Structure formats: structure tokens, C-alpha cells
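Report on the following structure.
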Amino acid sequence: MSEQLNIQHSNEKVDKPSLLGIVTSPIETLERIKQQPKVLLPLIVVIIISSLAAYLSVLSVDYSIVEEELGAEGAAYVGAFTTVGALVSGIIGGLITLLISALILFAIVKIAGKQIRFKQMFSMTVFISLVTSIGTLLNAIILYFVGGGDITNQVFTSLNSIVGAEGALGSFLSSIEIFGIWGTILTAFGLHHVGQLSKGASWTISIVLFILGSLLLTLSGATQSLVGA
């Protein structure tokens, strides 16, 4: 009887996880990622979205000062170099960030003694990054139409868009951002459904990682303020 149940269970068709599903039905999608982890297509989509966001951000930069110093031709060269650099660093940096994030989560789950493959955790990380990359693109679109030229401090979907603080406080408030919080929630769901951790452990780990990220951004903002001063 048990053998028949096992055969029936193995023959059951598991639907593939969909990109839209991580937004509309995240828990169901995470369960599918656990059964059928997919990487290539979601990774390509994330890279495209991130590249578009980087391109729009570069277009929002005001090169008038550069043009005064180097002339129109020099400013054009600087703009082209900045665009290519932003795209290349965005793609390579994004891939490295995804790999490191997946490795950290994979290590945590393995330390907890759970049986999981790295592909499952990497697939989960890529799917979740779709949400955060959409947030990055949204901010880039707003910056493009609103203007401003200061790319690093313009996070329109963060708490700092209301407060308008600078320095360390500005960086901290910028880290409290809608899509970042959304990604943290999805990470907690993923650690529970894909990583097989308890709900308490999943939420604790996700919140701690979010706080650590906020602290790093705050430290970066404080360092930039000191250097600028």
C-alpha cells in the first residue's frame, strides 16, 4: 500500500513556478520552487529589469557641470562611459549579490540540519529578487521623470522620501523601503516553505538580515558624510 502511495506521489505532476506567481500567490510559488527550482528564465528577467533601471538612472544624471569643464563632446564620452559602466557593474554586481545571498541562506538552512539543494535556495533568491528589482526600476522611472541627478540618495519608495534626511539618518530611512520590506517577508516565507525552517526561525532570520542590511547602509551613509565634510 505504501509503495502504491509513493508511486502515485512520484507520478503527480508539479506545476512550474511562475514569475507572476511570486507576486500574486507567493506561498504556492515557493512550494513549486521547492519541487521544481527554476533559475535561467527568472534570472534573465531580473537582469533585464535591473539593466533597464541602471540605464534610466544614468539618463537622469545632470552632466551640465561636466559639459562646462570638458565641452559637449567630453560630456558625451563621460555619459557613454558611465552608461556602459553602470550596465556592466549592475549585471555583474547583481549576479554576485544573488549568489552571496543564496549562499548565506543555504548555509543557514544547512546549519539547521535541513536537507536542501543549493539550486532550490538560489531559485528562491532569484524569484524574490524579482520583487526588489521591480522596486529599483520603479524608483529609476520616477527619478527619470522627476529629475534630480543624485542617484544614490533618491529612493522614492522609502521612508526617507517623506522625511528627506541626509547622511547616516538618510541612509537608514532609505533602507526602510516598501519593496525591501516585501522582499524580507518573502524571504521569511521562503525559508519556511523551501528551507523547511520553523515560522519563528524563518521570521527571525529574515528580520535580522534586514536589520544588518540597514545598519550597513547607515554606516555607509555616515562614512560618506565624514568624507564629504
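Just checking, which of Lys114, Lys119 is closer than 17 Å to Val46 by Cβ and charged (D, E, K, R)?
Only one candidate passes the filter, namely Lys119.
Does region 88-123 hold any residues that are buried (at least 17 other Cβ atoms within 10 Å of the Cβ) and either touching a residue at least 40 places away in the same chain (Cβ under 8 Å) or more than 18 Å from Gln36 (Cα to Cα) (or both), and which are they?
Gly90, Gly94, Leu98, Ser101, Leu105, Ile108, Val109, Ile116, Gln120, Met121, Phe122, Ser123
Only one of these is at pLDDT 95 or above, within 28 Å of Val45 (Cβ to Cβ) and among the aromatic types (Phe, Trp, Tyr): Phe145, Phe156, Phe179. Name it.
Checking each option against the conditions leaves just Phe179.
Filter region 28-77 down to residues that are at pLDDT 95 or above, part of a helix (DSSP H, G or I) and either in contact with a strand residue (DSSP E or B) (Cβ under 7 Å, 6 or more places away or on another chain) or not aliphatic (A, V, I, L, M) (or both), then give me how many there are.
Count: 7.
Please specify each residue of region 185-201 satisfying the condition of being farther than 17 Å from Thr29 by Cβ and either assigned to a helix (DSSP H, G or I) or not aliphatic (A, V, I, L, M) (or both).
Ser198, Lys199, Gly200, Ala201
Which condition from (1) among the hydrophobic types (A, V, I, L, M, F, W, C); (2) assigned to a helix (DSSP H, G or I); (3) closer than 17 Å to Ile178 by Cβ; (4) in contact with a helix residue (DSSP H, G or I) (Cβ under 7 Å, 6 or more places away or on another chain) is the one that Phe156 breaks?
Only one criterion in (1) among the hydrophobic types (A, V, I, L, M, F, W, C); (2) assigned to a helix (DSSP H, G or I); (3) closer than 17 Å to Ile178 by Cβ; (4) in contact with a helix residue (DSSP H, G or I) (Cβ under 7 Å, 6 or more places away or on another chain) is unmet by Phe156, namely (2).
For region 10-51, which positions are among the aliphatic types (A, V, I, L, M), surrounded by fewer than 15 Cβ atoms within 10 Å (Cβ to Cβ) and farther than 15 Å from Phe122 by Cα?
Once the filter is applied, which keeps residues that are among the aliphatic types (A, V, I, L, M), surrounded by fewer than 15 Cβ atoms within 10 Å (Cβ to Cβ) and farther than 15 Å from Phe122 by Cα, region 10-51 yields Val14, Leu20, Ile27, Ile48.
Might you check whether a residue that is closer than 19 Å to Ser60 by Cα, surrounded by 15 or more Cβ atoms within 10 Å (Cβ to Cβ), at pLDDT below 95 and more than 14 Å from the chain's Cα centre (by Cα) occurs anywhere in region 160-170?
Within region 160-170, one or more residues are closer than 19 Å to Ser60 by Cα, surrounded by 15 or more Cβ atoms within 10 Å (Cβ to Cβ), at pLDDT below 95 and more than 14 Å from the chain's Cα centre (by Cα).
The values are calculated or read from the model by the stated rules, or taken from the named source; none is laboratory data. None of these values were measured; they are calculated from a predicted model. Glycine gets a Cβ as well: all are built from the backbone with ideal geometry, and neighbour counts include every protein chain shown.
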